[in-house]
Amino acid sequence: MKLHFVLLAPLLFCLPVSAQQSPPAAPAEVETAGLRIRGLAFQLDSPPADVFAHDAAGDGSVPGVKVDVKSYLNHEFSGVPIKGDNLVFTRTADPAGIKDSANLIAKTRLPAGFRRGIFMFLPGTGKAGDPPFRVLAVDDSPKAFPSGSLKILNLSPLAVSISLEKEVFNFKSGETRVIEDPPVGPSQSSGMVAKAFKDGEWQKIGSGVWPHPGSKRILQVLFENPKSGQVELRGIRDIAKP
């Protein structure tokens, strides 16, 4: 027995150090610099087909990133490297395209700390020298747009109120607000009435039933129809997880 111990002991001390220690922990994920972009066409009869996003502060050596502009929202996004806070959208990946007005689609300035969002492509101003489209950056981070919420954008020139069951939510022109866990009735849906303040009075612009978003998120956009001049409301369901 003593001989056995003498023979085995050296072998134990010769085991590799790695076999005597726990495996190292996996490195923590590091968020890369840049943007997560999802393109959304709104009020556009003919959305731009080829769209490339460029960092306006780039040195001209980095090609633009292709951005798909869709009429709906899903989980697909484009990752855009960016150092500044201004984006330029053109019809070509060539960095030189940002200085060519014929290739220009739109420009936008990002809010401070903006890292991911829905880039809503809208009709341009129509003024001479302005880009053919406008882009509104909508923060879709979990903090700014949590699961089970409504994000309401009042893009109309009028003040608007939306009643959900017995609660009333007022929106100034240009205001964006999130309604977390909106009020519902017994059927897990909200009776909705929308009104716009026009000609000195509140005028009804729509009504219906809004189901609770559940684990999803829903954009509700108020806008002025350029043909009728009336304020309208359109919902867009976001099936992507925050």
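Bear in mind these aren't lab numbers, they're just calculated from the coordinates by the rules spelled out. Values in this document were obtained by computation on a predicted structure and should not be read as measured data.
Descriptive notes on the structure:
- Here the ratio of the Cα radius of gyration of the stretch 32-140 to 2.2 N^0.38 Å is 0.97.
- Of 99/241; 107/172; 107/166; 70/143; 99/143, pairs whose Cα-Cα distance is over 29 Å: 99/241; 107/166; 99/143
- The chain shape via C-alpha gyration tensor axes, a/c threshold 1.5: oblate
- In the chain, helical runs assigned H by DSSP with n ≥ 4 each contribute -39500 (n - 2.57); averaged across all residues and rounded to the nearest 500, the mean residue ellipticity at 222 nm is -2000 deg cm²/dmol.
- Whichever aspartates and glutamates have a C-alpha closer than 13 Å to that of residue 216, once near sequence neighbours (fewer than 8 apart) are set aside: 140, 180, 181, 238
- Shape category assigned to the stretch 104-214 from the gyration tensor of Cα positions, a/c cut at 1.5: oblate
- Global geometry of the stretch 142-184, whether rounded, prolate or oblate, following the gyration tensor of its Cα atoms and the 1.5 cut on a/c: oblate
- Rounded to the nearest 10 degrees, the inclination of helix 2-13 to the longest alpha-carbon principal axis of the chain is 40 degrees.
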